[in-house]
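Quick notes on the structure that follows.
The values are calculated or read from the model by the stated rules, or taken from the named source; none is laboratory data. Computed from a predicted model, the values in this text were never measured in an experiment. Cβ coordinates were reconstructed from backbone atoms using ideal geometry, including for glycine residues, and neighbour counts include every protein chain displayed. Side chains included, ligands, DNA and RNA excluded: accessible areas come from the protein's heavy atoms. Shrake-Rupley method; radii C 1.70, N 1.55, O 1.52, S 1.80 Å.
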Amino acid sequence: MKQFKLIGKLLLVVKKFSLIIFLAVINGVMGNAFAISISTLAAIDLVLLIKGEINFVFYSIIIIMISLGVLRGLLRYFEQYSNHFIAFKILAHVRHIIFEKLAELSPSKIDSKEKGALLNQITSDVETLEVFYAHTISPLFIALIVNGTIIVLVGVFFNWLFSILFLISYLFIGALIPLKYYRLVKKEGKIYREELTSLSAYSLDVISGRKDIKFLNKKERFIDKFDKDSKKLIQKKKSLNKKGMIVKGINDLFIYIGAIIIILISVFLYKVMNSDIYSLIIVMVLYISSFGPIIALSNLPGNLNQTLASAKRLFKLLDEKPLLKHIKNDVKVDFHDLSILDLNFSYESERILKNVSFAGKSNEIIGIVGDSGVGKSTILKLLMKYFPYNGSIKIGDKELNTIDDKYYYQNVCMFSQSTYLFNTTIKENMLIAKHDATNEEIVEALKKASIYDFVSNLNNGVETIISENSQNISLGEKQRLGLARIFLRNPKILLLDEPTSNVDSFNEYIILNSIKTYCKDMIIILISHKESTLSIATKKYRLKEGVLYDY
């Protein structure tokens, strides 16, 4: 029942594309009907040839067969085009839904997820759904229509004994064997998919930490583990493929057994009921040529098993609830005042903040110092709407959890100890802060962050591409580019989370001086474990064991 429920969810996604699916089914039905007709007409021509009746009908059938062959090719093309058009449209639609969900869950829940597994979900798992949408829905309907019609026609024009045999063969090869095969590989396929996801996550970790692995001389250890896991994965894939080949062999065997039974029935009908031997030849050819749609169904379980495993993980992600409800309204606030009163927060039963209270106004820098792990960053995360909280956080006269998210984030920025720069140009990285910024505004922001001289001396200036993981710039330069992005954004509230902890004293001085000089009319909250960083603060507090004290 769980699998049927999962399939039901997948079908709901495809509902808006029902017309295209209908066209794919029509093309598939006609294409398979033409393919079967070609074989059947060839059998009829063979009978005419045996009888020596090479006449107008004989040559007409040849012309019809050629025409049907051409039409079959065209219909096959349109069937596959329709199926894959649906699949790729739906995959794009699913990706859109997933990214919307990730935005809804961000940032708190996303931070807690393994990045490699998450990346595999939004890439590989989504791609796997293509099997269901392109190779499952329409083939199922095509088989029901085409083979159901054949059963009826054989009974009407030949003999119902043949119809019963056709029905039994179709059910055995198209339903019973696939069901047994699905149950056989269900657990193994699920494990294979999970281990593939795990290997992808591990690969991402190795790539991200390649420098540390090299410096610590642990390359062989990681390579050995990767090699061992890859070989285990290959063995599982071989095992799944082996079972698939066995199923194909069983299918072929039963088709031939059915053909033998048809011969025996034909002999019986010829001997006992004086049936036309030539019509029995046509039945035989029709039987052999009619299994195309059924074989398509029989081959599904191996891939469909992994598809459902991927779908289960994706729907699990889509069913997750965000920790905070996203706010959409027209509430506007005055960002000149911030007040926090009796703020409490616990994480997994551990109380992190205890009745924290303070206030700030524009042009004030509130400094909070404390040891690592005492909850300084948690205060900023609560201000960035990471988690629900107990107590009061007010911007102007409005409670934080009543302010429209989009409007709020347009006016609030957080600058952390590690700026992320995308693998694109410096200009594009700047435009993330303000997509319509002019060149003059970008230059001004770079100058405020004391990074303009560095950028202008690069060969391509602002068009210089930041390499992967910012390998072509120093940590200090990276932080100053991040600061320039803040200046370009020009928020009303600026949250600084250990902004200088990873840079040397020279870059620390530049960053802090730029903030003090140019971040006017902002409410700034600066947290650090270093007391020297708070030199620019106008108000200072110490956080100890979750309690905020005057500095």
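What about ASN401, is it on the phi > 0 side of the Ramachandran plot, touching a residue at least 40 places away in the same chain (Cβ under 8 Å), of a type outside the set (Lys, Arg) and open to solvent by 50 Å² or more (accessible area, probe 1.4 Å)? So ASN401 does not fit the description; no.
Within segment 59-71, being touching a residue at least 12 places away in the same chain (Cβ under 8 Å) and open to solvent by 50 Å² or more (accessible area, probe 1.4 Å) holds for ILE62, ILE64, LEU71. Can you go through ASP453, ASP521, ASP550 and tell me which one is under 17 Å from MET414 (Cα atoms) and either among the basic types (Lys, Arg) or open to solvent by 20 Å² or more (accessible area, probe 1.4 Å) (or both)? It is ASP521. Restricting attention to segment 359-368, the residues that are open to solvent by 10 Å² or more (accessible area, probe 1.4 Å) and in a strand (DSSP E or B) total 4.
Within the option set VAL356, VAL455, VAL374, VAL369, being of a type in the set (A, V, I, L, M) and within 25 Å of LYS325 (Cβ to Cβ) holds for one residue only, VAL356. Of PHE56, PHE88, PHE78, all but one fail to be out of contact with any helix residue (DSSP H, G or I) (no Cβ under 9 Å at 6 or more places or on another chain), of a type outside the set (Lys, Arg) and open to solvent by 40 Å² or more (accessible area, probe 1.4 Å); the exception is PHE56. Filter segment 117-164 down to residues that are within 30 Å of TYR202 (Cβ to Cβ) and open to solvent by 80 Å² or more (accessible area, probe 1.4 Å) and give me whichever is modelled with the highest pLDDT. Ranking the candidates gives GLU127 first.
Would you be able to say whether some residue in segment 211-229 is closer than 28 Å to ALA92 by Cβ and out of contact with any Pro (no Cβ under 7 Å at 6 or more places or on another chain)? Within segment 211-229 (the criterion being closer than 28 Å to ALA92 by Cβ and out of contact with any Pro (no Cβ under 7 Å at 6 or more places or on another chain)), the answer is no, since none of the residues qualifies.
Here SER416 clears all of (1) among the small types (Gly, Ala, Ser); (2) within 30 Å of PHE454 (Cα to Cα); (3) touching a Gly at 6+ places or on another chain (Cβ under 8 Å) except the condition numbered (3).
Residues in segment 504-533 that are under 41 Å from the mean Cα position of the chain (by Cα), under 23 Å from LEU543 (Cα atoms) and not charged (D, E, K, R): LEU512, ILE515, MET522, ILE523, ILE524, ILE525, LEU526, ILE527, SER528, HIS529. Residues of segment 348-357 that are open to solvent by 10 Å² or more (accessible area, probe 1.4 Å), of a type outside the set (D, E, K, R) and in contact with a strand residue (DSSP E or B) (Cβ under 8 Å, 6 or more places away or on another chain): ILE352, ASN355, SER357. In this structure, ILE207 does not satisfy being part of a helix (DSSP H, G or I), under 23 Å from ILE295 (Cβ atoms) and of a type in the set (A, V, I, L, M).
For SER37, the conditions (1) farther than 21 Å from THR149 by Cβ; (2) open to solvent by 20 Å² or more (accessible area, probe 1.4 Å) are fulfilled apart from (1).
Do we find a residue being open to solvent by 40 Å² or more (accessible area, probe 1.4 Å) and within 34 Å of the chain's Cα centre (by Cα) anywhere in segment 337-344? I'd like the intermediate steps shown before the answer.
Applying the first criterion (open to solvent by 40 Å² or more (accessible area, probe 1.4 Å)) to segment 337-344 yields 337, 339, 341-342.
If we keep only those that are within 34 Å of the chain's Cα centre (by Cα) as well, we get none.
No, every residue in segment 337-344 fails to be open to solvent by 40 Å² or more (accessible area, probe 1.4 Å) and within 34 Å of the chain's Cα centre (by Cα).
This table checks each residue for (1) of a type in the set (D, E, K, R); (2) in contact (Cβ under 8 Å) with a residue 60 or more places away in the chain.
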{"residue": "GLN80", "(1), (2)": "no, no"}
{"residue": "GLU100", "(1), (2)": "yes, no"}
{"residue": "SER124", "(1), (2)": "no, yes"}
{"residue": "VAL131", "(1), (2)": "no, yes"}
{"residue": "ALA134", "(1), (2)": "no, no"}
{"residue": "SER138", "(1), (2)": "no, yes"}
{"residue": "LEU144", "(1), (2)": "no, no"}
{"residue": "ILE150", "(1), (2)": "no, yes"}
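Those residues that are more than 30 Å from LYS231 (Cβ to Cβ) and either open to solvent by 30 Å² or more (accessible area, probe 1.4 Å) or modelled with pLDDT under 85 (or both), I need them from segment 165-204; list them, please. Residues satisfying the conditions are LEU167, ILE168, LEU171, PHE172, ILE173, GLY174, ALA175, LEU176, ILE177, LEU179.
Out of segment 316-340, which residues are part of a loop (DSSP other than H, G, I, E, B) and of a type in the set (A, V, I, L, M)?
Taking segment 316-340 first, the residues part of a loop (DSSP other than H, G, I, E, B) are 319-336.
Selection gives LEU323, LEU324, ILE327, VAL331, VAL333.
Among the residues here, LEU23 qualifies as part of a helix (DSSP H, G or I), on the phi < 0 side of the Ramachandran plot, open to solvent by 40 Å² or more (accessible area, probe 1.4 Å) and in contact with a Ser or Thr (Cβ under 6 Å, 6 or more places away or on another chain).
Yes/no matrix, rows are residues, columns are (1) modelled with pLDDT of 80 or more; (2) in contact with a Pro (Cβ under 8 Å, 6 or more places away or on another chain); (3) closer than 27 Å to HIS135 by Cβ; (4) outside any helix (DSSP H, G or I):
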position	(1), (2), (3), (4)
MET284	yes, no, no, no
ASN303	no, no, yes, no
LEU314	yes, no, yes, no
ASP342	yes, no, no, yes
SER346	yes, no, no, yes
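Scanning segment 369-395 for residues that are over 25 Å from ILE110 (Cβ atoms) and either surrounded by 19 or more Cβ atoms within 10 Å (Cβ to Cβ) or touching a Phe, Trp or Tyr at 6+ places or on another chain (Cβ under 7 Å) (or both) gives VAL369, GLY370.
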